[in-house]
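The structure appears right after this line, and notes come after that.
The values are calculated or read from the model by the stated rules, or taken from the named source; none is laboratory data. Just so it is clear, the model here is predicted, and its values are computed rather than measured. Cβ placement follows ideal geometry from the backbone for every residue including glycine, while neighbour counts extend to all protein chains displayed. For accessibility, only protein heavy atoms count, side chains too; no ligands or nucleic acids. Shrake-Rupley method; radii C 1.70, N 1.55, O 1.52, S 1.80 Å.
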4 protein chains.
Amino acid sequence: MKKSAVLLLSTPMPYACKGAVAAVSQFLIEHHGSILHSDDHLDSGRDLFLSRLEWDLDGFDIPISDFEQGFKPVAERFQINYHLALADVRPKCAILVSAYCHCLADLLYRHGTGELPCDIVMIIGNHEAAKPMADFHHVPFQLLTHPTDKRASEREMLDLLGPDLDLIVLARYMQILGPDFVAQYLLRMINIHHSFLPAFIGAKPYHQAFERGVKLIGATSHYVTAGLDEGPIIEQDVVRISHRDSVEDMVRKGRDLEKVVLSRAVRWHLENRVLVYQNKTVVFV
Amino acid sequence: MKKSAVLLLSTPMPYACKGAVAAVSQFLIEHHGSILHSDDHLDSGRDLFLSRLEWDLDGFDIPISDFEQGFKPVAERFQINYHLALADVRPKCAILVSAYCHCLADLLYRHGTGELPCDIVMIIGNHEAAKPMADFHHVPFQLLTHPTDKRASEREMLDLLGPDLDLIVLARYMQILGPDFVAQYLLRMINIHHSFLPAFIGAKPYHQAFERGVKLIGATSHYVTAGLDEGPIIEQDVVRISHRDSVEDMVRKGRDLEKVVLSRAVRWHLENRVLVYQNKTVVFV
Amino acid sequence: MKKSAVLLLSTPMPYACKGAVAAVSQFLIEHHGSILHSDDHLDSGRDLFLSRLEWDLDGFDIPISDFEQGFKPVAERFQINYHLALADVRPKCAILVSAYCHCLADLLYRHGTGELPCDIVMIIGNHEAAKPMADFHHVPFQLLTHPTDKRASEREMLDLLGPDLDLIVLARYMQILGPDFVAQYLLRMINIHHSFLPAFIGAKPYHQAFERGVKLIGATSHYVTAGLDEGPIIEQDVVRISHRDSVEDMVRKGRDLEKVVLSRAVRWHLENRVLVYQNKTVVFV
Amino acid sequence: MKKSAVLLLSTPMPYACKGAVAAVSQFLIEHHGSILHSDDHLDSGRDLFLSRLEWDLDGFDIPISDFEQGFKPVAERFQINYHLALADVRPKCAILVSAYCHCLADLLYRHGTGELPCDIVMIIGNHEAAKPMADFHHVPFQLLTHPTDKRASEREMLDLLGPDLDLIVLARYMQILGPDFVAQYLLRMINIHHSFLPAFIGAKPYHQAFERGVKLIGATSHYVTAGLDEGPIIEQDVVRISHRDSVEDMVRKGRDLEKVVLSRAVRWHLENRVLVYQNKTVVFV
């Protein structure tokens, strides 16, 4: 695992022009941080400058615990908002799942090959289907079933998961989560919806797509917010269908889409490549 | 130009199983029609069998004007609905256009290379932009501008176009047509909408897509019906965008999509490959 | 599992025109076989007519063991070559694998969901990596390692597999198989090559692609023949890369391609949708 | 037209780590140049750092003619190789064409809409087909036909084009150019090849693709070098085909590919987004 740090930052436009990014680079270099990668984006409509900087911690002479203090003068001078992440601290993730396990199986396999740099600490299912797979991958599985009192069930989940998780992945989890739960993990919870949003919001999107007679079906991964299927979109993709495809064929083709679209979004989040503002994402890839 | 005929037909399921298609083939072969291509589709949900048969007219011993009479016994026995088209009769088309001419330019160029087997008899614009291009391709251009009385303007168009056109292409024509006009050319009028329908219906879809933060933009060609952007979809396609793409970039990328999506739909219609039912299309390609 | 039969057939052109397909349909209908799906293709360059017919065995009045005898007059009259398959007889498959298990994991998961209508009777690996996964899915695993005498090793495999397998899948099996082994399973062995063939034949195609600076990478599934990577192609797909992608990124992106491309080819083969001639495939989908 | 400047630069890795890019940014900011966009790439295999910086010339206090002198100390200190381009100086382009005019028509139409920021100063054809289109767009057309002495013909072209052109586009120009001509316009000449290189180099790639039975066909735009179809690739794309597609269908589908792939490459070159090294391109988009 490489020992690097990532800074995701935004700064209002006049400051950006006057050298905010150069000042940040200068700060890192003065402290012997080799810049491995930098990428930026100017949103000219909103006069906002966004940037992602990754640098090698080998030789960097500020202990990371002191970074905030050392960086403060630069941040204040240029009104920089920032998020710091260390590539050698593995984020902690949980996965929520229902009866369909293809996304779960895919995430667990990718995790095993090293594609997803995180620790998967728990799988919670409202159905027993996922248990054998969780066991095979040695991840604790918790069954939370028959939620007659949905809110009580969510409080139980909150207790199980704790407040400090870096990411919760809804891997075809078929329950709509309440506003309290969502608020607790804002921008730390990624869902996969099996349509090309904003088309076919809500239940049974493949059936909706079949009825409308579209020629492509899609999948969308997004951060979960209070509005159903309305959160910031991280990734989307589509696959071609024809009149020969029944709803069952669409479900089958859709599984392949859902897996790749969700796993890309999860990986980008874990690699600190996603910056959210105005209900949209900038993905630095 | 090949001298062939196309039969697009549908038959209820019990008849299909009992040999409707075999009987049609047998009928054609008995009359010395060589079958060049056949394709079919069983919609098991609606118990409907759909088929497209193309055969060589060289040697076919029924004059095409007598086809209906000769074919009647077969059609009645199996309750076959059908549409007969002759590949050597060039359909007559008109194109409606506004200020953006990229789809028009594309259609005219393709027509010149022989991709679109039809005669383009007229271009009507509510803007002068298209005139030089119409002149270059020797197609009559008619300006119908400043429609203070929209319905009167449509009646004028009806007079110009006549009732017998095989196809009207709305090549980014930016006026919503009234129900009378639409009814006149039902399933003979193809529009291009610059979004992946049913997402972003109506005006300024690229602006809507930008605001929502989608990661792909699309284009949809469909038959025009009374409901805005709700007609049977013939073809769709998408292209990837990112946060770097402004609305202007999306407009530019979208032009390439609109051109290919519209021209595919037009070609398939002209080649008698499209069969419509239940507000959906079967495209035999 | 549906109880249907599939006929894949080819007939020289003059016979096709004179009603070969209609005669076959007629034969099936006379024996109370409901045709569920038919598709055909005329290769006009080679004057060959190819067809796939699927019909419901429910009510079909010829015992399938007597089909050949009953069908003989039709086949002879029209010089029809054909292959008959029953959808309710599950084909027997084996999978060969080396150290990379992503394709194997994908095939086993799909098999579990019912996507691949077959029995997987054995997994043979020249590496132990696949064993836990084979155990989890309750498929016998056989290790055949350290092949100092490659041909002896292949004879041992032949003994293990037997002559009657319907399909052998090379799921990133990294040994080149000898001509005797290949001849034994001609058109019954499917490989996945991690490039867009015919580009980058042979070893380390992702490294070759990186060196050449291509902007898309691909994967190809094909029947194995004597010539390396030269067999009939069943399916291909590509994914976009950029200068940011290292060879490792290409390997990661490629895994997703390899999985879907191989599994599509395997499914089409199992569903009797693939017809081979002149080192090319016709895939009736 | 925006008044901005672009710097494409490369610097060896130890210098990059030690702040080369920050120093360049600092230099621009000190001279009141607002940075509009920056993008970079570290090729860790070759220890080379590549960057593209675009800044607003409005307020920039160094006359662009003095830029080299002012920038010299920075460039020398960090061993920076660079290319400077001004977005308000329109590059001069010529187009070479043969009998197929779809790419030419496409480029001319895009130029008319403002997609391609350049002046098209001349079209040279070895066939008369392009003349009417050149006339329509008011671009001088020069016929150079019947080249019995190919080298003499190229010398004549050199005289017509002059040494200072910024770009020559081979828009399906069907003559192989000699080494002297190629050397004259190295990295200033873009070709479109109608295959997915390195597959199907040389003549009749669609026929080669048809014979091999591939499932996708492609197009590749690349800088022209001495080796046939071996220059640095700028852009590629593919489209799906099936057994139903004849060579003629592939030619038709390929035209759409060729147009978009060539025009993207041309636009990126004109916008100074392409950096070449080691026979590969970095495209900053």
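Remarks
- Checking each residue in the stretch D:242-257 for being facing chain C (nearest Cβ under 8 Å) and not small (G, A, S) picks out D:H243, D:R244.
- Residues in the stretch B:79-100 that are open to solvent by 10 Å² or more (accessible area, probe 1.4 Å) and assigned to a loop (DSSP other than H, G, I, E, B): B:Q79, B:I80, B:A87, B:D88, B:V89, B:R90, B:P91, B:A99, B:Y100.
- Scope the stretch A:269-279; condition open to solvent by 30 Å² or more (accessible area, probe 1.4 Å) and within 12 Å of chain B (Cβ to nearest Cβ); matching residues: A:R273, A:V276, A:Y277, A:Q278, A:N279
- Among the numbered conditions (1) open to solvent by 30 Å² or more (accessible area, probe 1.4 Å); (2) not in a helix (DSSP H, G or I), the only one that D:I120 does not meet is (1).
- Residue within the stretch B:86-102 that is among the β-branched types (V, I, T) and within 14 Å of chain C (Cβ to nearest Cβ) present: no
- Screening B:P12 with (1) surrounded by fewer than 22 Cβ atoms within 10 Å (Cβ to Cβ); (2) within 12 Å of another protein chain (Cβ to nearest Cβ); (3) out of contact with any Lys or Arg (no Cβ under 6 Å at 6 or more places or on another chain) gives one miss only, at (2).
- Considering the conditions (1) within 14 Å of chain A (Cβ to nearest Cβ); (2) in a loop (DSSP other than H, G, I, E, B), D:L36 is excluded by exactly one of them, (2).
- Test: residue in the stretch B:46-54 that is surrounded by fewer than 17 Cβ atoms within 10 Å (Cβ to Cβ), out of contact with any Pro (no Cβ under 9 Å at 6 or more places or on another chain) and farther than 24 Å from D:H243 by Cβ: yes
- Looking across the stretch C:52-106, the residues that are polar (S, T, N, Q) and touching a strand residue (DSSP E or B) at 6+ places or on another chain (Cβ under 9 Å) come down to C:Q79, C:N81, C:S98.
- Checked against (1) outside any helix (DSSP H, G or I); (2) acidic (D, E); (3) closer than 30 Å to D:C103 by Cα, B:D106 passes all but condition (1).
- Of all residues in the stretch C:20-33, those that are open to solvent by less than 30 Å² (accessible area, probe 1.4 Å), modelled with pLDDT of 85 or more and at the interface with chain B (Cβ under 8 Å from one of its Cβ atoms) total 2.
- Of the strands (runs of 3 or more DSSP E) lying entirely inside the stretch D:134-238, those containing at least 1 residues that are in contact (Cβ under 8 Å) with a residue 60 or more places away in the chain and either among the hydrophobic types (A, V, I, L, M, F, W, C) or in the same structural domain as D:K259 (by TED's automatic domain parsing) (or both) span D:167-170, D:189-193.
- Qualifying position, being within 13 Å of chain A (Cβ to nearest Cβ) and surrounded by 21 or more Cβ atoms within 10 Å (Cβ to Cβ), among B:V239, B:V282: B:V282
- When the stretch D:141-163 is filtered for residues that are within 16 Å of D:Y173 (Cβ to Cβ), loosely packed, with under 15 Cβ neighbours inside 10 Å and of a type outside the set (V, I, T), the ones remaining, listed by number, are D:L143, D:H146, D:P147, D:K150, D:L158, D:L160.
- Enumeration of residues in the stretch D:39-59 that are closer than 18 Å to D:F78 by Cα, in a loop (DSSP other than H, G, I, E, B) and more than 9 Å from chain A (Cβ to nearest Cβ): D:R46, D:D47
- Check on B:Q69, assigned to a helix (DSSP H, G or I) and open to solvent by 50 Å² or more (accessible area, probe 1.4 Å): yes
- Residue within the stretch B:208-221 that is under 14 Å from the mean Cα position of the chain (by Cα) and facing chain A (nearest Cβ under 9 Å) present: yes
- Residue that is surrounded by the fewest Cβ atoms within 10 Å (Cβ to Cβ) [pool: residues in the stretch A:202-230 that are of a type in the set (A, V, I, L, M) and within 21 Å of B:V283 (Cβ to Cβ)]: A:L216
- Residue within the stretch C:18-32 that is part of a strand (DSSP E or B) and in the same structural domain as C:F71 (by TED's automatic domain parsing) present: no
- Of all residues in the stretch C:181-201 being within 25 Å of C:V239 (Cα to Cα) and over 15 Å from the mean Cα position of the chain (by Cα), the one that is surrounded by the most Cβ atoms within 10 Å (Cβ to Cβ): C:F196
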